[in-house]
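Engineer: First, the structure itself, so that you have it in front of you.
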Amino acid sequence: MNVFKDFETRIKQAIEALEVVKDKGDAVSFERLAVEPPRDPAHGDISTNAAMVLAKPLGMNPRSLAEMISAQFNSDPDVAETSVAGPGFLNFRLTAPFWQRLVSVIARDGVDYGRSTVGAGHKVNVEYVSANPTGPMHVGHCRGAVVGDALANLMAFAGYDVTKEYYINDAGSQIDVLTKSVYLRYREALGEIIGEIPAGLYPGDYLVPVGQALAKDYGTALRSMPEDERMALIKDRTIDAMMAMIRDDLKALNVEHDVFYSERSLHADGERAIRNAINDLTFKGHVYKGKLPPPKGQTAEDWEDREQTLFRSTEVGDDMDRPLIKSDGSYTYFAADVAYFRDKFERGFTEMIYVLGADHGGYIKRLEAVAKAVSAGEAKLTVLLCQLVKIYRNGEPVRMSKRSGDFITLRDVVDEVGVDSVRFMMLYRKSSESLDFDFAKVTEQSKDNPVFYVQYAHARCASVMRQALEIFPDLDLSAEALASADLSDLVHESELALIAKLGEYPRMIEAAASGQEPHRVAFYLYELASLLHAHWNKGRDEPGLRFVNDKNRQSTIARMGLVYAVASVLKSGLSITGTDAPEEMR
């Protein structure tokens, strides 16, 4: 049950019933109609701008129109009060029985409350992490992994058909450098003194086991192989080893992808996929031969002062045309991006989301241009940038990792503070904003630690229900029993405020999914937890508000319905963030 959609329908019907609207029906459009929680809860439970967006086309004063709409709700049994505020906002305060019925609905639906069909099975590809397989995941990858994974969970909950994808950047010069680095470790494993790792190669100790495995399997045989054959073999083994390590790191973060797509597959069979993608763009008139002016500032990687095959990307929204084929006939890195997007489109995806690091901001326009050109405007491409994560311990910056040698790894962070703290805190700020992550603060047990505060709220719900069974051992606290229970004792303003917050959950899910903003789930959970803890604290001073009343069985049953509803929403939201909902906290 989506309270706001329900009242949106009621408000539209009330407006359509007005004589002034019947007379000017063609002038009425609900496109800009908003039905939402008021900014100030003191104004009510629901607010709408209906009168303000319809007043002009109807030739009326907004406040007068709002009063007319308000009068239509005089006989609505679910509306306790209406009021007009400011220039014409119409506010509704709903009755206690309405909110009590909502608790029954949530008890019946459990963790599926808020699940939506707004996505209508629309196929969406969410690509995230996609790190070069040259070493362990670092903390920057960590944020993108959590944001992408939570977004995919959120959109699936909202009814989209979501595929989680990892693009393996296993082609290009960095892989050649990695292969040379492993060959050095292989020689080291055979007993050769290699000294300090040369500049330009990967120095991390994580490559030592790869070299040792090669020495164990091949002995000295690799040394006598032709270089091309040797390096091809080492490359395959190294990529496999790196991806196994990356998968293991991601699993520690509760991240599992549906698809791992290899960039090298685009270069297979004579680079057929890339060639076909360029031919397709050529057929559509997006490719030409020409020269590009030198870019302002530093020289671009693919720039040449000679004729190349270019993508006419400025005609589809980019700020410069992009090279596809160099003058020597080789394909640019960007050409593989084109082929990869085309492959996604041919797999049936009409919406692609790329979760990238902040340093990829320059890729947005070119990727959007590719989407428009390849799909003829049928596909939507969105790039979400994740800003930097700064790691601290008790306020002091942490810069180095024993495992990698020069950066903090994802595993370092997860091992120290736990997966739940990492995942929730990576979402507790918009991905477009930088994030400070302090090892000490994310493990303290206080209101200032959001993940603890939210998980403690769920554990408190479980504890309260256990306490109720200790007092009334024969209570039936099943979902079915609570959904049909008498909840008429839920009338206190603090209880109704808590239920009203539960009523916002379906709307928040749809808005967060449509806006691709998974952080909103974390923010909502913290607000819900705050209301639960605040209400629990009221029971210290007002015994009549306690969830468990040993002298009032009926009151206890009603409040168990509320507690169960809160626990269900907390568990649902925590599941979307990829965080556990504990039954108890130690």
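Engineer: Considering 49, 91, 74, which residue is in contact with a Phe, Trp or Tyr (Cβ under 7 Å, 6 or more places away or on another chain) and either within 26 Å of residue 501 (Cα to Cα) or in contact (Cβ under 8 Å) with a residue 60 or more places away in the chain (or both)? Working first, answer last.
Structural biologist: Numbers: 91 fails: in contact with a Phe, Trp or Tyr (Cβ under 7 Å, 6 or more places away or on another chain); 74 fails: in contact with a Phe, Trp or Tyr (Cβ under 7 Å, 6 or more places away or on another chain).
Going through 49, 91, 74 in turn, just one is in contact with a Phe, Trp or Tyr (Cβ under 7 Å, 6 or more places away or on another chain) and either within 26 Å of residue 501 (Cα to Cα) or in contact (Cβ under 8 Å) with a residue 60 or more places away in the chain (or both): 49.
Engineer: Name the pairs: first residue in the range 333-356 and more than 16 Å from residue 130 (Cα to Cα), second residue of a type in the set (S, T, N, Q) and surrounded by 23 or more Cβ atoms within 10 Å (Cβ to Cβ), Cβ to Cβ under 8 Å, at least 6 apart or on different chains?
Structural biologist: 347/125; 349/125; 351/125
Engineer: Considering only residues that are outside any helix (DSSP H, G or I), of a type in the set (S, T, N, Q) and farther than 30 Å from residue 205 by Cα, which ones fall in the range 83-137? Lay out the reasoning, then the answer.
Structural biologist: First pass over the range 83-137, keeping only residues outside any helix (DSSP H, G or I): 83-95, 113-137.
Subset that is of a type in the set (S, T, N, Q): 83, 91, 95, 116-117, 125, 130, 132, 134.
83, 91, 95, 116, 117, 125, listed by residue number.
Engineer: Same structure again: Got a number for residues in the range 1-35 being at pLDDT 90 or above and either among the polar types (S, T, N, Q) or in contact with a Cys (Cβ under 8 Å, 6 or more places away or on another chain) (or both)?
Structural biologist: 3
Engineer: Quickly run through the range 543-558 and pick out the residues that are surrounded by fewer than 20 Cβ atoms within 10 Å (Cβ to Cβ), part of a helix (DSSP H, G or I) and touching a residue at least 24 places away in the same chain (Cβ under 8 Å).
Structural biologist: Result: 545, 553, 554, 555.
Engineer: Just to verify a result, which residue in the range 201-214, among those that are in contact with a helix residue (DSSP H, G or I) (Cβ under 6 Å, 6 or more places away or on another chain) and surrounded by fewer than 18 Cβ atoms within 10 Å (Cβ to Cβ), is nearest to residue 172 (Cα to Cα)?
Structural biologist: Taking the range 201-214 as the starting set, the residues that turn out to be in contact with a helix residue (DSSP H, G or I) (Cβ under 6 Å, 6 or more places away or on another chain) are 201-202, 207-208, 210-212, 214.
With the extra rule that they be surrounded by fewer than 18 Cβ atoms within 10 Å (Cβ to Cβ), the set shrinks to 201, 208, 212.
Numbers: 201: 15, 208: 22, 212: 25 Å.
It comes out as 201.
Engineer: Report yes if residue 50 is surrounded by 13 or more Cβ atoms within 10 Å (Cβ to Cβ) and under 29 Å from residue 506 (Cα atoms), otherwise no. Step through it out loud before you land on a result.
Structural biologist: On the way: surrounded by 13 or more Cβ atoms within 10 Å (Cβ to Cβ): yes; under 29 Å from residue 506 (Cα atoms): yes.
Against the criterion (surrounded by 13 or more Cβ atoms within 10 Å (Cβ to Cβ) and under 29 Å from residue 506 (Cα atoms)), residue 50 qualifies.
Engineer: Could you check the range 559-586 and list, in sequence order, the residues that are outside any loop (DSSP other than H, G, I, E, B) and among the charged types (D, E, K, R)? First the steps, then the outcome.
Structural biologist: Pass one, the range 559-586, residues outside any loop (DSSP other than H, G, I, E, B): 559-577.
Once the filter is applied, which keeps residues that are outside any loop (DSSP other than H, G, I, E, B) and among the charged types (D, E, K, R), the range 559-586 yields 559, 571.
Engineer: Just one of 86, 59 is surrounded by fewer than 16 Cβ atoms within 10 Å (Cβ to Cβ), of a type in the set (Gly, Ala, Ser) and under 38 Å from the mean Cα position of the chain (by Cα); which is it? Let's see the steps before the verdict.
Structural biologist: Values: 59 fails: under 38 Å from the mean Cα position of the chain (by Cα).
Only one candidate passes the filter, namely 86.
Engineer: Report whether or not residue 111 is under 30 Å from residue 426 (Cβ atoms) and either under 18 Å from the mean Cα position of the chain (by Cα) or aromatic (Phe, Trp, Tyr) (or both).
Structural biologist: Values: under 30 Å from residue 426 (Cβ atoms): yes; either under 18 Å from the mean Cα position of the chain (by Cα) or aromatic (Phe, Trp, Tyr) (or both): no.
No: the conditions fail for residue 111.
Engineer: Scan the range 135-185 for residues that are more than 27 Å from residue 574 (Cα to Cα), of a type in the set (D, E, K, R) and buried (at least 21 other Cβ atoms within 10 Å of the Cβ) and jot them down.
Structural biologist: 170, 185
Engineer: Residue 374 passes all but one of (1) touching a Lys or Arg at 6+ places or on another chain (Cβ under 7 Å); (2) surrounded by fewer than 21 Cβ atoms within 10 Å (Cβ to Cβ); (3) more than 30 Å from residue 207 (Cα to Cα); which number fails?
Structural biologist: Only one criterion is unmet by residue 374, namely (2).
Engineer: Just one of 359, 415, 436, 406 is modelled with pLDDT under 95, surrounded by fewer than 20 Cβ atoms within 10 Å (Cβ to Cβ) and assigned to a strand (DSSP E or B); which is it?
Structural biologist: Every option except 436 fails the conditions.
Engineer: What is the residue count in the range 440-473 for residues that are under 16 Å from residue 535 (Cβ atoms), surrounded by 20 or more Cβ atoms within 10 Å (Cβ to Cβ) and modelled with pLDDT under 95?
Structural biologist: Qualifying residue count, the range 440-473: 0.
Engineer: Kindly list, by first and then second residue, each pair from a residue in the range 130-142 that is in the same structural domain as residue 167 (by TED's automatic domain parsing) and under 12 Å from residue 243 (Cβ atoms) to a residue that is aromatic (Phe, Trp, Tyr) and assigned to a loop (DSSP other than H, G, I, E, B), limited to pairs with Cβ atoms under 8 Å and residues at least 6 apart or on different chains.
Structural biologist: 134/202; 135/202
Engineer: Condition first: among the hydroxyl-bearing types (Ser, Thr, Tyr), surrounded by fewer than 20 Cβ atoms within 10 Å (Cβ to Cβ) and either touching a helix residue (DSSP H, G or I) at 6+ places or on another chain (Cβ under 8 Å) or not in a loop (DSSP other than H, G, I, E, B) (or both). Now tell me which residues in the range 324-339 satisfy that.
Structural biologist: 333
Engineer: Name the pairs whose Cβ atoms lie under 7 Å apart, with the first residue in the range 227-238 and more than 19 Å from residue 168 (Cα to Cα), the second of a type in the set (Phe, Trp, Tyr), and 6 or more positions between them or separate chains?
Structural biologist: Pairs that qualify, where the first residue is more than 19 Å from residue 168 (Cα to Cα) and the partner is of a type in the set (Phe, Trp, Tyr): there are none.
The values are calculated or read from the model by the stated rules, or taken from the named source; none is laboratory data. Since the model is a prediction, treat every value here as computed from it, not as a measurement. Don't worry about glycine lacking a Cβ; one is built from the backbone with ideal geometry, like all the others, and counts go over all protein chains shown.
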